[in-house]
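Visitor: Okay, here's the structure, questions in a sec.
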Amino acid sequence: MPKELAFEFDQPVTEQKTFTVSAFLDFVNEVLNVQQVYVQGEVSGWKIHPTGIYFYLKDKEDGSVLDCYMSPYVYRGLGLNVEDGMEVKVSGIPSIYKPKGRFSFRVEMMELVGEGSLKKAYELLKQKLQEEGLFDRKRPLPQFVRRIGIITSKTGAVIDDFRKNLDKMGHQVYLYDVRVEGAQAVGLILKAVKWFNRNKPDLDVLVIIRGGGSLEDLQAFNNELVCREVFASKIPTICGIGHDRDVPIMCLVGDTATSTPTAAAMLINKSWDDVRSLLPQHERGITAGFETMLTDVHSLLDLQNLLRGYEHVLQEHRQRISGHEKYIESVNPERNLKLGYSILRDRKGSVIKTVTDMKPHDTITAQLHDGSVEAQIK
């Protein structure tokens with residue numbers, strides 16, 4: 001008991017502690033607020049008000065009622081469509097509302113209970129989202145799915161079945177561990193979808209899976225908040241939730257739905273079917289192309305050898321021509337003329353080789369390297 005509300009025993013025992021009304025109500029609330037409690041009953045008088053949600057929980061056995069209040073913040077986080085007559089389980093703290101001295105129960109969590117309530121809530125949400133068009137958008141899965149985000153529990157057979165049936169195609173798999181049943185499941189699934197869209201936006205597909213279960217077990221996948229978050233996901237989704245009768249509403253909102261986690265893995269495997277069917281053809285094409293390229297290389301090598309032979313012959317001819325050029329240059333008369341020599345010719349143009357070829361008064365021509373001159377023999 002808090003110290004400030006404890007009884008004071010410094011006065012005689014015969015005297016009684018007298019509270020003011022306000023202090024007494026505070027005292028009672030301190031006692032009542034010791035721990036959170038759970039209450040189950042039927043919803044009655046459900047009213048949504050800007051200041052909060054007001055309703056009664058009625059006991060089906062004797063008609064007892066409990067005055068309840070829920071804050072707008074708590075209600076927005078539930079993702080439930082509640083109506084009078086639904087059976088629910090709530091958790092919260094009892095208290096007395098001081099301005100009116102009225103006992104009430106402040107609800108902090110609510111779950112639907114019973115097949116009838118769950119079925120009614122299912123139909124209400126299904127009709128609501130269908131009218132909004134959330135079931136109409138179906139994005140195709142990309143070819144060759146490789147980067148996969150998975151939202152499920154890391155324990156149990158579900159994730160093992162998925163991995164076991166996923167072909168080994170070099171996938172990159174990222175697992176976000178969540179509870180898939182119970183009051184905490186909704187918040188965790190919401191957080192997981194948001195995390196993948198924020199931190200792994202380049203994923204090829206987002207897979208949300210769990211095994212089968214009753215309508216009560218699958219409440220998190222018939223939750224309005226979860227359904228809207230899946231619809232808002234920028235990553236294409238596969239919803240693989242096992243079910244016997246009613247398809248979970250999240251599966252209707254997702255881009256692709258499968259009845260089991262194993263089927264979800266098989267669907268991803270199908271994205272590689274084109275590769276498997278065309279791989280032999282591509283393999284033959286690659287082999288034929290390599291053989292053609294190898295033949296071309298051999299032909300090119302033969303041509304290079306031929307060109308090298310021609311180059312060798314041309315080189316030999318070049319060397320021979322160069323030798324002839326040098327020889328002709330060496331015997332060229334003009335070379336000697338440049339050295340200061342001259343060639344004498346008679347009137348007929350014949351070369352004079354000896355003095356006996358000339359007589360007095362003959363006219364001769366002397367050829368120099370840059371011209372010629374005439375002279376007369378005396």
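Visitor: Select, from R106, R102, R137, the only residue that is in the same structural domain as L203 (by TED's automatic domain parsing) and either surrounded by 14 or more Cβ atoms within 10 Å (Cβ to Cβ) or not β-branched (V, I, T) (or both). Steps first, answer last, please.
Guide: Details: R106 fails: in the same structural domain as L203 (by TED's automatic domain parsing); R102 fails: in the same structural domain as L203 (by TED's automatic domain parsing).
Being in the same structural domain as L203 (by TED's automatic domain parsing) and either surrounded by 14 or more Cβ atoms within 10 Å (Cβ to Cβ) or not β-branched (V, I, T) (or both) holds for just one of R106, R102, R137, which is R137.
Visitor: Looking at the stretch 113-121, can you tell me whether even one residue there is assigned to a loop (DSSP other than H, G, I, E, B) and touching a helix residue (DSSP H, G or I) at 6+ places or on another chain (Cβ under 8 Å)?
Guide: Looking only at the stretch 113-121, we keep the residues that are assigned to a loop (DSSP other than H, G, I, E, B), and these are 113-114.
This time we only want the ones that are touching a helix residue (DSSP H, G or I) at 6+ places or on another chain (Cβ under 8 Å), so: none.
Checking the stretch 113-121: not a single residue is assigned to a loop (DSSP other than H, G, I, E, B) and touching a helix residue (DSSP H, G or I) at 6+ places or on another chain (Cβ under 8 Å).
Visitor: Further question on the same structure: Please indicate, with yes or no, whether at least one residue in the stretch 216-233 is in contact with a strand residue (DSSP E or B) (Cβ under 8 Å, 6 or more places away or on another chain), surrounded by fewer than 16 Cβ atoms within 10 Å (Cβ to Cβ) and not small (G, A, S). Talk me through it step by step, then tell me what you get.
Guide: Residues of the stretch 216-233 in contact with a strand residue (DSSP E or B) (Cβ under 8 Å, 6 or more places away or on another chain): 216, 218-219, 221, 230, 233.
The next check asks that each one be surrounded by fewer than 16 Cβ atoms within 10 Å (Cβ to Cβ); those that pass are 216.
Going one step further and asking which of them are not small (G, A, S), we end up with 216.
So far as the stretch 216-233 goes, yes, one or more of its residues are in contact with a strand residue (DSSP E or B) (Cβ under 8 Å, 6 or more places away or on another chain), surrounded by fewer than 16 Cβ atoms within 10 Å (Cβ to Cβ) and not small (G, A, S).
Visitor: Does any residue in the stretch 222-241 that is assigned by TED's automatic domain parsing to the domain that holds T262 and over 11 Å from V205 (Cβ atoms) come within less than 7 Å, Cβ to Cβ, of a residue that is modelled with pLDDT of 95 or more and among the hydroxyl-bearing types (S, T, Y) six or more places away or on a different chain, and which pairs are these?
Guide: V230/T237
Visitor: Sort out which residues of the stretch 242-258 are in contact (Cβ under 8 Å) with a residue 40 or more places away in the chain and either within 23 Å of the chain's Cα centre (by Cα) or surrounded by fewer than 19 Cβ atoms within 10 Å (Cβ to Cβ) (or both), and write them in order of number. Working first, answer last.
Guide: Let us first name the residues in the stretch 242-258 that are in contact (Cβ under 8 Å) with a residue 40 or more places away in the chain, namely 246, 249-250, 252-256.
Correct list: D246, M250, L252, V253, G254, D255, T256.
Visitor: Another question, if that's okay. With a cut-off of at least 2 residues that are among the aliphatic types (A, V, I, L, M), name the strands (runs of 3 or more DSSP E) lying wholly within the stretch 160-271. Write out each step before concluding.
Guide: Working: elements: 172-177, 205-210, 237-241, 256-258.
Answer list for the stretch 160-271: 172-177, 205-210, 237-241.
The values are calculated or read from the model by the stated rules, or taken from the named source; none is laboratory data. A quick note: this is a predicted structure, and the numbers were derived from the prediction, not measured. A quick note on method: Cβ atoms are made from the backbone with ideal geometry, for glycine too, and the neighbour counts reach across all protein chains shown.
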